[in-house]
Amino acid sequence: TETHSGEIVYGTDLDAPLTNGAVASLRSPVIDLTGVHCAKLSFWYFVDATIDREGVHLRIHSEDGTLLHEREEIFWGTTEAWTKFSMTIPAEARDQKIQLEWLLLTDDAESNGAGFFLDDVTID
């Protein structure tokens, strides 16, 4: 119902539940990590989806689109409030230009939650 901070937030659908059978993604602009040997990705998220059947994968791609790293099934089910996620950028994605991708997958069931919401993305 509100952003984690500020006035701008990404959401799968800001005024309706998830769509059945949806496959949607959000990609960041290219992030230049050239010369950076250790970086930490952090963001706040809220999820309202069916556990074990719907959710979001986090992917890291090279600038040319090659998949470098994927974390599956980490944003499934429902969170009660905004939740912070942090991880060290894996070795295979360091010292180059990358793009982050959040990939939403939903099932064909009739009952759907509010979806996935993302705010305050940082790389330190």
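Give the residues of region 106-122 that are under 20 Å from Leu26 (Cα atoms) and open to solvent by 50 Å² or more (accessible area, probe 1.4 Å), sorted by residue number.
Initial filter on region 106-122 (under 20 Å from Leu26 (Cα atoms)): 106-107, 112-122.
Of everything in region 106-122, those that are under 20 Å from Leu26 (Cα atoms) and open to solvent by 50 Å² or more (accessible area, probe 1.4 Å) turn out to be Asp120, Val121, Thr122.
Of all residues in region 10-30, how many are at pLDDT 90 or above and open to solvent by less than 40 Å² (accessible area, probe 1.4 Å)?
1
Return the residues of region 48-67 that are over 13 Å from Leu103 (Cα atoms) and either modelled with pLDDT of 90 or more or not acidic (Asp, Glu) (or both); say none if nothing qualifies.
In the first step, residues of region 48-67 are kept if they are over 13 Å from Leu103 (Cα atoms); the result is 48-53, 62-66.
Result: Ala49, Thr50, Ile51, Arg53, Ser62, Glu63, Asp64, Gly65, Thr66.
I'd like to know if region 78-95 contains one or more residues that are open to solvent by 20 Å² or more (accessible area, probe 1.4 Å), within 11 Å of the chain's Cα centre (by Cα), at pLDDT below 95 and not aromatic (Phe, Trp, Tyr).
So far as region 78-95 goes, no, none of its residues is open to solvent by 20 Å² or more (accessible area, probe 1.4 Å), within 11 Å of the chain's Cα centre (by Cα), at pLDDT below 95 and not aromatic (Phe, Trp, Tyr).
For region 36-45, does any single residue satisfy the condition of being open to solvent by 80 Å² or more (accessible area, probe 1.4 Å) and more than 22 Å from Ile123 (Cα to Cα)? Break it down into steps so the answer makes sense when it comes.
First pass over region 36-45, keeping only residues open to solvent by 80 Å² or more (accessible area, probe 1.4 Å): 37-38, 40.
Among the residues that remain, those that are also more than 22 Å from Ile123 (Cα to Cα) are: none.
No, region 36-45 contains no residue that is open to solvent by 80 Å² or more (accessible area, probe 1.4 Å) and more than 22 Å from Ile123 (Cα to Cα).
Of these, Asp52, Asp48, Asp95, Asp119, which one is acidic (Asp, Glu), in contact with a strand residue (DSSP E or B) (Cβ under 9 Å, 6 or more places away or on another chain) and at positive phi? Full working, then the answer.
Numbers: Asp48 fails: at positive phi; Asp95 fails: in contact with a strand residue (DSSP E or B) (Cβ under 9 Å, 6 or more places away or on another chain); Asp119 fails: at positive phi.
From the options Asp52, Asp48, Asp95, Asp119, the qualifying one is Asp52.
Do we find a residue being of a type in the set (Ser, Thr, Tyr) and either open to solvent by less than 20 Å² (accessible area, probe 1.4 Å) or within 23 Å of Ser5 (Cβ to Cβ) (or both) anywhere in region 46-61? Before the answer, list the steps.
Step one: of region 46-61, the residues of a type in the set (Ser, Thr, Tyr) are 50.
So of that shortlist, the ones also either open to solvent by less than 20 Å² (accessible area, probe 1.4 Å) or within 23 Å of Ser5 (Cβ to Cβ) (or both) come out as none.
Looking through region 46-61, none of the residues is of a type in the set (Ser, Thr, Tyr) and either open to solvent by less than 20 Å² (accessible area, probe 1.4 Å) or within 23 Å of Ser5 (Cβ to Cβ) (or both).
The values are calculated or read from the model by the stated rules, or taken from the named source; none is laboratory data. Keep in mind that this is a model prediction, so the values were computed, not measured. Positions of Cβ are generated from backbone atoms using ideal geometry, with glycine treated the same way; all protein chains shown enter the neighbour counts. Accessible surface is based on the protein model in full, side chains and every heavy atom, while ligands, DNA and RNA are left aside. Shrake-Rupley method; radii C 1.70, N 1.55, O 1.52, S 1.80 Å.
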